[in-house]
Amino acid sequence: MFAIRENDFHRIDLNLLTVLLVLKREGSVSRAAEKLHLGQPAVSNALARLRTMFDDPLFVRTAQGMEPTPRAEALIEALGPLMEQMQQVLFQPESFTPSEANHVFRLGMSDWVEHWLMPDLQARISQDAPGITIQVMASDPFRDVELVAKGELDLAVSVGDTTPGTLRRERIETHSFCTLWHPAQLPLAAPLTLENYVAHPHALVSYRGAAWSAIDEQLAELGKSRRVRYVTPHFSSLPPLLARIPALATVPSGLASGWIAHYGLCCSPVPVVTPEIALSLLWHKRCDNDLPLGWLKDVIRSVIADLTVPVV
């Protein structure tokens, strides 16, 4: 039998331990209250009870937020894995039947991945599992790891490559780049020459507002440069923009067929060497045996295998 002392648990409220972990993660009583769907006074009261329970301040207020004391750090390091394991034991279903399930997945991706993947993925899910809800949350290579690690995303379709020890990454697809423009604005023939590529203005997608990319590094090695006249974090803004201005946009090739069909754009290979775009699934190791998430990953793999990336 398990050697537990029952009386030790009389004063323990597991909800208080949840507050402890979320306070550490959020660094703020107000943000913790928001994540826990509680009022700020309730979280403050829980913190007071925790301080009494452990006879320690646990968190001190600083200019950077609520900083944990050494005692709190030790508790969190020990309790975090135990709470994750308990969550799996208590809430992991013994089976998962997609057609009968009512489940919400928080799925992170950039807007170009959503444009490319979600029409087919949502159609498949709506057919096979009508009770499933997908909440797509905007993400990018700089945020995927943080959002998955903090539990704000169940799964990311990520174009990043950083994988800390608590997460898993599985490569599922590789895309190339292509260059698009509107023929009414730029009467150019495909394939583009390097001279045409650098002779006209460019629109660039950058998640951090940079007007320089790996393409510009390649151009610099050739003694060339391009004029970037528009920078945006959103791929979806480019097609109507290209229809109105004489500019080129270099984007993942998975977008080409839809943009050509719906916006009348022209397409060409990029006349310089460009890096591959490696798409991967990113999830937390604690969800390795999560049946609903395992089903979703299988569906995404299947849908991506059926999608064809146009050769340009």
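Computed values, structure above
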| quantity | calculated |
| --- | --- |
| Cα-based reach from Lys285 at 29 Å (exclusive), listing lysines while leaving out same-chain residues under 8 positions away | Lys24, Lys35, Lys150, Lys297 |
| Crossing angle, helix 70-91 versus the chain [Cα axis fit, 0-90 degrees, rounded to tens] | 80 |
| Kirkwood Rh in Å, taken over all unlike Cα pairs in the range 6-91 | 13.3 |
| Amide H within-cut-off set for Leu204, under 5 Å, with H built and near neighbours excluded | Tyr230, Val231, Thr232 |
| Note, ³J(HN,Hα) from phi for the range 174-182, Karplus 6.51, -1.76, 1.60, rounded to Hz, x at Gly and Pro | 10, 10, 9, 9, 9, 10, 10, 7, 9 |
| Burial order of peptide ranges 188-195, 142-149 (average beta-carbon count within 10 Å, highest first) | 142-149, 188-195 |
| C-alpha long axis of helix 111-128 to longest principal axis of the chain, angle in ° | 60 |
| Within the range 177-269, percent of DSSP bridges classed antiparallel, to nearest 5 | 55 |
| Inter-label distance for Gln127 and Ala149, nm, one decimal - labels placed 7 Å from Cα along Cα-to-Cβ | 3.9 |
| Accessible area (Å², 1.4 Å probe, nearest 10) - Phe54 | 40 |
| Additional length obtainable on full extension of the chain from Ala190 to Ala74, 0.36 nm per residue less Cα span | 35.6 nm |
| The chain: antiparallel DSSP beta bridges as a percent of all, rounded to 5 | 60 |
| Sequence-distant residues sharing a close amide H with Met137 (under 5 Å, placed H) | Leu107, Gly108, Met109 |
| Enclosed volume per residue, in Å³, of the convex hull spanned by Cα atoms of the chain | 180 |
| Two-site label geometry, Glu67 and Ala138: point separation in nm, points 7 Å out along Cα→Cβ | 3.3 |
| Long-range amide H partners of Phe59 with built H, under 5 Å | Thr69 |
| Simple label model, 7 Å out from Cα along Cβ direction - Arg171 to Ser95, nm | 3.8 |
| Dimensions (Å) - the range 64-183, Cα atoms, principal axes, largest first | 65, 40, 25 |
| Isotropic mean projected area of the C-alpha convex hull, the range 123-282 (nm²) | 11.0 |
| Using distinct alpha-carbon pairs, which all enter the 1/r mean, Kirkwood radius of the range 177-269 in Å | 13.2 |
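The values are calculated or read from the model by the stated rules, or taken from the named source; none is laboratory data. Only a predicted model underlies this, so the values are computations on that prediction, with no experimental measurement involved. In this analysis, Cβ positions are derived from the backbone assuming ideal geometry, glycine residues included, and neighbour counts consider all displayed protein chains. What goes into the accessible areas is simple: the full protein's heavy atoms, side chains included, and nothing from ligands, DNA or RNA. Shrake-Rupley method; radii C 1.70, N 1.55, O 1.52, S 1.80 Å.
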